[in-house]
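Right, one structure below, let's go through it.
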Amino acid sequence: MNKQLQQIIHIPPNPPVSPTHQPTEKVFAALIEPKHANTIIRRLNQIAPLQNLQHLKRIQKKQLQGGKPELYVVLCLASENETQSDRMPLDVEDIVNSYHLTPFITEVNKYAALSKEEWEEQCKLWPTSYHPPTYNIPGITGFSEEDSKAVFNFMKSTVELAKSGDHLIVNAAMIVDPLVGQIIASGCDEVCSWHMGTSKAKTETCDFKQLEGFTSHVDANITAKYITFLSNGSANNLQQCYKAVSCLNPWWFAQQSFHSSPCYCHLLRHASIVAIEASAARDRHLFPGFGHNEKSYGVDCNSSSSGSLAKRQRVDLENVKNSGEQDANTEGSNSLGRPYLCTGYDIYLIWEPCAMCAMALVHQRIRRIFYALPNPETGALGSVHRLQGEKSLNHHYAVFRVVMPELEFPVER
C-alpha cells in the first residue's frame with residue numbers, strides 16, 4: 001500500500017470559483033528590477049495603500065526559463081474607465097519616472113478567497129493571501145499523523161462492514177466518538193429487508209433485540225449492522241434486492257416489483273438512518289428514564305463501553321464561562337444525563353450521502369463526516385449540492401473525503 005496516495009481532503013462549504021467568474025478590480029502594475037523592490041514597495045505602501053484589497057499581494061513573481069525571476073508590482077488602483085494614457089496619482093507617477101517603469105492595467109480579484117481551492121484559482125490571476133476558517137473543527141487546517149491514522153483505520157472498518165460477501169456491496173455508516181476512538185453505532189443499507197426468522201440470519205457485533213410492545217414490518221434486523229444470509233438459497237435473491245446502493249439511486253427500489261417475493265422495501269432506511277437509529281437505541285438503553293416515554297430495548301453491543309459515556313451534552317453556550325472546566329466536569333462521567341443526539345461525534349460512510357441522509361446528520365448534530373467515494377448523481381456534500389454551506393441551517397458540520405485507493409471498489413448500478 002502506497003501511503004502517499006492516501007489523502008484526507010476537506011470539502012469546503014462553497015465550491016471553488018474560477019477567477020473568470022469572481023469579481024475583479026483594475027489596477028496599474030509594472031515590471032520592476034528586483035534590487036529596487038523593497039524601496040518601491042515601502043514607498044507605495046505610504047502613498048497608495050491597497051486599503052480595500054488587503055488580501056492582494058503587492059508583488060507577483062514570475063520565473064523565466066533561464067532561471068532569472070521577473071517581479072511585477074501593483075502601483076495603485078485604476079478606475080473602470082481609465083486607460084494606460086490616463087494620469088495616475090502624482091506621487092505614483094514620480095516613482096514611475098524615477099525608476100523608468102512602464103505601467104500597464106491588469107485585473108486582480110476583488111475579494112478574499114473563502115477556501116483553499118478558491119485561493120489557488122485566484123493566484124493564477126495575481127497572488128493573494130488566504131486565511132483558513134477560524135471556527136474550531138479539527139481537521140479543517142489539516143490532520144496530525146496520529147489523527148490521520150485513526151481516520152484511515154475507521155474508514156477501513158467501514159469498508160469491511162459494507163462487504164457482505166458474494167459481491168453483495170451496500171453502503172455502510174459508522175458513528176464514532178473521536179475523543180476516545182470508540183465506535184458508538186453502525187449500520188448498512190436496509191432499504192430492502194427479508195421476511196424471515198432471526199434463526200436464519202446472523203447479526204454481527206451489535207444486536208438490539210426487540211422486546212414486548214414493539215412491532216414493525218422489519219424483523220430483528222432493524223438496527224443490525226448488516227445481515228449475512230446462511231447458505232439456504234436466499235443469497236441470490238437478496239443480491240438482486242441490493243443491486244443499487246441506496247444513496248446512489250434513492251428511487252431504484254420504488255421502481256421494482258417485489259409482490260411475489262418475501263422482500264420488504266423501506267425507502268428511508270439508508271445506512272446513515274440505520275446508524276442514527278442504532279445510536280438512539282443505545283442511548284435509550286444506557287440512559288433509561290430520560291426524555292419521553294420510549295420503548296424498551298434489550299442490548300448486546302460489544303462496541304459500547306460504560307467508562308466513557310455521556311461525553312456530549314446539550315449545553316447552553318452562553319452560560320458556559322469556562323469551556324475547559326466544562327470538559328473536565330463531563331469527562332468520563334454519565335452523571336449529567338443522556339447525551340444530546342450525536343453532538344461531537346463523527347460518521348464514516350462509504351459513499352457520499354444523499355440529501356435526505358445529509359440533512360438527517362444535520363439534525364443529529366454530527367461534527368464531521370468522512371466518506372470514501374463520491375456520489376456523482378445525488379451527492380449532497382460536494383458532488384451535486386453542498387449542504388454544509390447552507391447558511392440557513394442551524395448546524396454545520398465539516399466534510400472530508402478519505403482517498404484510499406486500495407478501498408475503491410466498484411458497484412453495479
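The values are calculated or read from the model by the stated rules, or taken from the named source; none is laboratory data. All figures in this text were calculated on a predicted structure; none of them were measured in a lab. With ideal geometry, Cβ positions are generated from the backbone for all residues, glycine too; neighbour counts draw on all protein chains shown. Heavy atoms of the whole protein, side chains included, go into the accessibility calculation; ligands, DNA and RNA do not. Shrake-Rupley method; radii C 1.70, N 1.55, O 1.52, S 1.80 Å.
For Ile41 and Leu64, the FRET efficiency from 1/(1 + (r/R0)^6), where r spans their Cβ atoms and R0 equals 25 Å, is about 0.75. Remark: spin-label model distance Gln54-Val384 equals 4.0 nm, labels positioned 7 Å along the Cα→Cβ axis.
Short-range pairs are left out: with C-alpha atoms under 8 Å and at least six residues apart, the relative contact order of segment 24-125 is 43 percent. Could you give the distance between the Cα centres of segment 371-390 and segment 87-110, to the whole Å? The distance from the Cα centre of segment 371-390 to that of segment 87-110 comes to 45 Å. Length available on full extension from Ala355 to Leu179: 0.36 nm per residue minus the Cα-Cα distance, which gives 60.6 nm. Amide H contacts under 5 Å for Gly382: Leu387, restricted to partners 5 or more places along the chain or on a different chain, H placed in the peptide plane at 1.01 Å from N.
So for segment 24-125, Kirkwood radius off the Cα pairs, Stokes-Einstein at 4 °C and 1.567 mPa s: how many µm² s⁻¹? Rounded, D is 90 µm²/s.
Once the 1.4 Å probe is applied to the protein heavy atoms, segment 343-404 comes out at 33 Å² accessible per residue.
Packing here is the average count of other Cβ atoms within 10 Å per residue, and on that basis the peptides 365-376, 43-54, 349-360, highest first, run 349-360, 365-376, 43-54. A 1.4 Å probe, protein heavy atoms only, puts the accessible area of His363 near 110 Å².
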